[in-house]
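Right, one structure below, let's go through it.
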Amino acid sequence: MTMLAVFRSRAQTLDFISALKSAGVPAAAVNTPKEAGVGCGISAKFDERFLPRAKFVFGRKAYSSFAGFMRASGERFVYS
């Protein structure tokens, strides 16, 4: 299942994607869905099976603009 890490800062989103890739997590920048309710415009997309590793990577840095993780639910995304 697809997961998104939603941030309010484009720079922090791109930094997180880079950190994920360095940790062996396939990740990409995607448009933030309107359900997220934030204005940054891009989020980090990765597979749910990598969520524990993504949370570990997240915990190693201070991302002040983090809005939350979202999970695909049918055609929409919801905060998990």
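Would you pick out the residues in segment 1-17 that are surrounded by 12 or more Cβ atoms within 10 Å (Cβ to Cβ) and over 19 Å from residue 73 (Cα atoms)? Hits for segment 1-17 are 7, 8, 9, 10, 12, 13, 14, 15, 16, 17. Residues of segment 34-48 that are within 16 Å of residue 12 (Cβ to Cβ) and either touching a residue at least 40 places away in the same chain (Cβ under 8 Å) or in contact with a strand residue (DSSP E or B) (Cβ under 8 Å, 6 or more places away or on another chain) (or both): 36, 38, 40, 41, 42, 43, 44, 45, 46. Of the residues screened, residue 62 is not one that is assigned to a strand (DSSP E or B) and out of contact with any Gly (no Cβ under 8 Å at 6 or more places or on another chain).
The C-beta contact set for segment 49-77 (first residue at positive phi, second residue exposed (fewer than 13 other Cβ atoms within 10 Å of the Cβ) and at pLDDT 95 or above, distance under 9 angstrom, 6+ apart or interchain) is empty.
Residues in segment 6-35 that are in contact with a Leu (Cβ under 8 Å, 6 or more places away or on another chain) and closer than 13 Å to residue 67 by Cα: 32, 33. So, residue 49, is that one in a helix (DSSP H, G or I) and either among the acidic types (Asp, Glu) or modelled with pLDDT of 95 or more (or both) or not? Yes; evaluated as a whole, the condition is true for this residue. Residues being in contact with a Phe, Trp or Tyr (Cβ under 9 Å, 6 or more places away or on another chain), over 23 Å from residue 76 (Cβ atoms) and buried (at least 18 other Cβ atoms within 10 Å of the Cβ) are represented in segment 44-57 by at least one member. Candidates 80, 65: the one that is at pLDDT below 95 and farther than 15 Å from residue 1 by Cβ is 65. Quick one: in segment 19-33, of everything that is in a loop (DSSP other than H, G, I, E, B), of a type in the set (A, V, I, L, M, F, W, C) and open to solvent by less than 30 Å² (accessible area, probe 1.4 Å), which residue is nearest to residue 8 (Cα to Cα)? Taking the candidates together, the pick is 27.
The values are calculated or read from the model by the stated rules, or taken from the named source; none is laboratory data. Remember, predicted model here, so these are calculated numbers, not experimental data. Heads up, the Cβs are rebuilt from the backbone with ideal geometry, glycines too, and the neighbour counts pull from every protein chain shown. Ligands, DNA and RNA are stripped out before the accessible areas are found, and what is left, the full protein with its side chains, is counted by its heavy atoms. Shrake-Rupley method; radii C 1.70, N 1.55, O 1.52, S 1.80 Å.
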